[in-house]
Amino acid sequence: MSRVVQVENLFVSINGREILKDINFEVLQGEIFTIVGGSGSGKTSITKCIVGLWKPTKGKVKVFGKDINSLSIKELDSLRKDIGYVFQGSALFDSLKVWENVGFYYLERTNMSQKEIRQLALEKLRLVGLDESVLELYPSELSGGMKKRVGIARAIATNPKLIIYDEPTSGLDPITSRMIDDLILSLRDKTGTTSIVVSHDLISAFSISDRIMVLKDGKMVQIGSPQEILSSEIPFVKEFLRSGFAHKT
C-alpha cells in the first residue's frame, strides 16, 4: 500500500513559539487517518503544513512522494488540485448559489460552460446525498448539515486523491454528526480517496478511523488503531479519552 503523506521530524515555530515538535507519521492510500487532541494541540497546524500553507522550521512533509517545501508555486498549485479540503465552518461563499460553490474551481480556472459546471456540481451533490432541489439555493437557505455536505461536494469536485476534513462534525447535532461520519466512509468506499480527519469528536474518530494519532501540546503522544488507542496505558491518552467521552454523554 503506497504512502500518500509522509511527515518526518516536523517542527514548526512561529514568532519563537514551538507549535509542532518532532511529529512523525504516514498516511496510507485509502486510509482514514484521524488526528485528535485538545484545543491548541497542533491538529490543524499539521494540515496547514500538508497543503503547503505553512513551511516546516525543520523536517519534511511529503505528499504523493513530493517534498512540499521544495515545490515551486506552480508545482504546489498543481499538487493542491489533488487535495480536497473541507473547512470547519464549511466556508461557503454566501453570494454564490450551491452549484456555483461546488463548481467554484471550474468557474475560476476553466473555460467550461455554466451548464457543464452545473451538471458536474449535481453529480458531486448526489454523492453526498443531495439533489437538484438545492442547486439554486444560497448557503443562508441551508441547514448546518446541508452546508457541511455542500462543503464536502466542493472538496471532491476536482476528484482529489486526498481529502482533509477539519472538524467535520463541529456544531452539528449527534444524528447529523453520524450522518457525516457515514458520508466520509461512503466516499472513501466509492472513490478510493485517502482521508485525514481533524476532530475533537471522539465518537466520530472511533467510528470511522483506520488509525488515530493523539496530540498534546504539539507533540505526538500515540498512533494506533482505534482498539490500540482505547487500550492505551499512557496516562494522558487515558485521561483524554475519559474526559472526551464523558463530555459526549
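The values are calculated or read from the model by the stated rules, or taken from the named source; none is laboratory data. Bear in mind the structure is a predicted one, so any value in this text is a computation, not a measurement. Every residue, glycine as well, gets a Cβ built from its backbone with ideal geometry; the counts of neighbours run over all protein chains shown. Please note that ligands, DNA and RNA were not included when accessible areas were found on the heavy atoms of the full protein model with its side chains. Shrake-Rupley method; radii C 1.70, N 1.55, O 1.52, S 1.80 Å.
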Tell me the residue from Gly171, Gly218, Gly192 that is open to solvent by 50 Å² or more (accessible area, probe 1.4 Å) and at positive phi, please. Gly171
Which of the following residues is within 21 Å of Ile223 (Cα to Cα), part of a loop (DSSP other than H, G, I, E, B) and either under 16 Å from the mean Cα position of the chain (by Cα) or of a type in the set (Ser, Thr, Tyr) (or both): Pro168, Pro160? Pro168
Residue under evaluation Ala91, criteria (1) surrounded by 14 or more Cβ atoms within 10 Å (Cβ to Cβ); (2) more than 30 Å from Ser143 (Cβ to Cβ), criterion not met: (2)
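Per-residue answers, yes or no, for (1) under 29 Å from Asp189 (Cα atoms); (2) of a type in the set (Ser, Thr, Tyr); (3) modelled with pLDDT of 95 or more:
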site	(1), (2), (3)
Glu18	no, no, no
Glu26	yes, no, yes
Lys48	yes, no, no
Ser78	yes, yes, no
Glu108	no, no, no
Answer yes or no as to whether Gln227 is open to solvent by 50 Å² or more (accessible area, probe 1.4 Å) and either among the β-branched types (Val, Ile, Thr) or over 24 Å from Ala157 (Cβ atoms) (or both). yes
Condition test on Glu132, is it surrounded by fewer than 21 Cβ atoms within 10 Å (Cβ to Cβ), in contact (Cβ under 8 Å) with a residue 40 or more places away in the chain and acidic (Asp, Glu)? no
Taking region 135-158 as the search range and keeping residues that are open to solvent by 40 Å² or more (accessible area, probe 1.4 Å) and among the basic types (Lys, Arg), which one is nearest to Asn101 (Cα to Cα)? Arg154
Strands (runs of 3 or more DSSP E) wholly inside region 192-249 containing at least 2 residues that are without any contact (Cβ under 8 Å) to a residue 40 or more places away in the chain: 219-224
Do any residues in region 89-106 that are more than 13 Å from Arg118 (Cα to Cα) and of a type outside the set (A, V, I, L, M, F, W, C) have Cβ atoms under 8 Å from those of residues that are open to solvent by 20 Å² or more (accessible area, probe 1.4 Å) and not in a loop (DSSP other than H, G, I, E, B), where the two are at least six apart or on different chains, and which pairs are they? Ser90/Lys147; Asp94/Ser140
Looking at region 174-189, can you tell me whether even one residue there is part of a strand (DSSP E or B), modelled with pLDDT of 90 or more, open to solvent by less than 10 Å² (accessible area, probe 1.4 Å) and within 24 Å of Glu123 (Cβ to Cβ)? no
